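See below for the structure under consideration.
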Amino acid sequence: ARMLSITGLSTEQEYYFVVEAERNGVWSAPSEEDSAIPHVGAIPWDSGDAASILQAVRSLTGNHYSDLSALSPDGVYYASIGGAVQSESPAPLQYNTTQGVVETSDGGLLMPLQMEDEGKGISSILQRRDHTGPYRRIRTNSQHPCIGARGSFFLPQWYVFVPSNTHASTRDTPHVYFGIAYNAAGGRRVDIEGGISYHPSGRGVRRNGREEGKTPYSPPPSYARWMPFMRIRIEKPREQGTDEYIPVVGTTGSDLPWNLVQYGYVVDIDLRIKSEAGFREKSAVLEIKAWRYLIDTDPDSPYYQHTFVGTAKVPDLARSNPRVRRVISMAQRGIPENDPNGWQRTGSFARYIGVGYVSRITFEELSGVQVFCNGWQQWTPSFGRDVRIFPNEQVVKVEDYLPIQPYFREVVTIDLR
């Protein structure tokens with residue numbers, strides 16, 4: 001037998017285990033010691049039963065009806081889309097550490113990501129955020145143990161553009177996302193990113209110098225769309241090799257297509273970590289809700305709603321406080337380390353991205369950005385004065401024509417023309 005169930009244990013009590021294996025009367029040496037804590041409501045990952053796993057995930061996240069996707073600790077992807085329950089492995093999106101990009105499980109849809117600067121287990125090119133494209137980042141102060149962020153963003157359709165000739169080179173990808181970085185038990189650094197990324201029409205799987213669909217020689221998608229993603233990086237000690245990148249949780253369909261919307265989207269992004277008492281593992285939860293601006297008038301009925309769940313380690317608050325960041329970026333790939341600029345002017349732009357604001361139309365206020373620090377609180381300057389703009393305020397700037405509140409309402413433009 002490869003699995004053994006031990007019953008009759010007390011909840012919230014830690015138990016220690018050592019295993020020996022027997023074959024034809026010969027016993028192995030004892031394994032290393034491991035421990036576990038039985039917890040009421042724990043997700044039954046080991047069962048492999050997609051229905052029961054997703055039901056437990058729904059209870060954890062409070063998502064009882066909308067689409068749900070979860071990545072188990074052993075890399076199996078469970079999803080409930082339109083009520084249909086399914087599982088697959090590997091996950092539909094993966095993180096390619098050698099290139100610093102997200103790709104589909106069949107090796108296509110290359111999408112660069114912005115890189116955090118705490119990493120040590122990958123090449124120096126990928127460690128340097130200044131070589132992965134322009135961005136604006138605001139981060140909470142280290143004295144505040146924040147484990148989540150949420151807010152509303154306005155994505156204007158006619159002010160986001162990526163020319164087709166960038167597909168094969170830098171593959172410019174506008175991003176709007178939150179990040180959470182912290183130290184876990186044992187000193188391992190954990191970094192979680194979750195949000196949405198923009199993919200233009202004509203970008204698909206790159207084969208033999210051509211953009212194709214998932215099936216060879218088929219046409220690439222003919223629409224532009226915003227796609228949710230979540231990536232989890234767990235740092236390993238240097239003697240144990242490279243960092244561990246949890247496969248990216250996300251989808252590869254037409255999540256938020258532009259052909260069904262005229263004025264853009266209002267998108268709510270909620271990224272948080274949930275750690276129950278006694279859990280050694282924790283859940284990273286990303287929730288995306290979107291409304292077509294001026295079309296979807298019912299605030300309780302978003303056009304798109306999807307919750308994503310991954311697993312990582314519990315924060316060790318005794319060693320350091322978790323820090324939350326908000327990033328609007330134009331991620332690029334293939335920028336050489338010896339490039340003095342660290343970015344390329346390609347003609348792409350993502351202009352008037354509203355943070356808690358519908359910009360350029362009605363100047364309507366949306367829900368401002370909040371952080372979870374002993375409860376949800378408005379992200380005021382007292383929580384974060386760590387602002388980083390790369391490369392400069394001419395390429396990445398905050399519009400000054402609005403009476404906005406810094407840190408939780410602003411309008412950001414990234415212009416590479």
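The values are calculated or read from the model by the stated rules, or taken from the named source; none is laboratory data. Predicted model only: the values in this text are computed from it and were never measured. Virtual Cβ from ideal backbone geometry, glycine too; neighbours counted across all protein chains shown. With ligands, DNA and RNA removed, areas are computed over all heavy atoms of the protein, side chains included. Shrake-Rupley method; radii C 1.70, N 1.55, O 1.52, S 1.80 Å.
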If amide H atoms are modeled at 1.01 Å from N in the peptide plane, then the residues at a separation of 5 or more from Val248, or on another chain, having amide H under 5 Å from its own are Gln94, Tyr95
Are there any GluC sites (Glu not before Pro) in segment 1-103 that are in a DSSP loop and have at most 16 other Cβ atoms within 10 Å? List them by number. Glu12, Glu14, Glu20, Glu32, Glu33
Simple SL model, points at 7 angstrom along Cα→Cβ for Asn338 and Phe17; separation in nm is 5.3
Could you pull out every residue, at least 5 positions away or on a different chain, whose amide H is within less than 5 Å of the one on Leu110? Hs are placed 1.01 Å off N in the peptide plane, and Pro or chain starts have none. Arg206
Order the peptides 287-300, 253-266 from the highest to the lowest mean number of other Cβ atoms within 10 Å of their residues. 253-266, 287-300
Once you list every other residue whose beta carbon is under 10 Å from the beta carbon of Gln332, what net charge do they have if Lys and Arg are +1 and Asp and Glu are -1? +1
For segment 256-371: accessible area per residue (Å², 1.4 Å): 40
From DSSP H assignment alone, runs of 4+ in the chain each adding -39500 (n - 2.57), the sum over residues rounded to the nearest 500 puts [θ] at 222 nm at -1000 deg cm²/dmol
Over segment 264-347, calculate the relative contact order: mean separation of alpha carbon pairs under 8 Å at least 6 apart, over the residue count, as a percent. 23
Candidate cut points under trypsin sites (Lys or Arg not before Pro) in segment 169-223, DSSP loop plus at most 15 other Cβ atoms within 10 Å of their own Cβ, are Lys214
Let me make sure I get this right: for segment 330-417, a, b and c are the square roots of the gyration tensor eigenvalues over alpha carbons, sorted descending. Under 1.5 in a/c it's rounded, otherwise prolate if a/b > b/c, else oblate. Which is it? oblate
Rounded to the nearest 10 degrees, what's the angle between the helix 50-61 long axis and the longest principal axis of the chain, both from Cα atoms, 0 to 90? 60
In whole Hz, the Karplus estimates of ³J(HN,Hα) for segment 145-157 (6.51, -1.76, 1.60; θ = phi - 60°; x where Gly or Pro) are x, 8, 10, x, 8, 8, x, 9, 10, 10, 10, x, 4
Taking a ≥ b ≥ c as the square roots of the eigenvalues of the Cα gyration tensor of segment 283-397, is the shape rounded (a/c under 1.5), prolate (a/b larger than b/c) or oblate? oblate
For Thr380 and Ser169 in one chain, what is 0.36 nm times their gap in residues minus the Cα-Cα distance, to one decimal in nm? 72.1 nm
Rounded to the nearest Å, the spacing of the alpha-carbon centers of segment 385-417 and segment 1-31 is 56
Normalised by the number of residues in the chain, what is the relative contact order in percent for Cα pairs under 8 Å and 6+ residues apart? 21
Given a Förster distance of 22 Å, the FRET efficiency implied by the Cβ-Cβ spacing of Ser31 and Ser10, rounded to the nearest 0.05, works out to 0.40
Is the shape of segment 142-214 rounded, prolate or oblate, going by the alpha carbon gyration tensor and its root eigenvalues a ≥ b ≥ c, with a/c under 1.5 for rounded and a/b larger than b/c for prolate? oblate
Accessible area of the chain with a 1.4 Å probe: how many percent of it is carbon plus sulfur? 48
Relative contact order in percent for segment 287-417 (Cα pairs under 8 Å, 6+ apart) equals 24
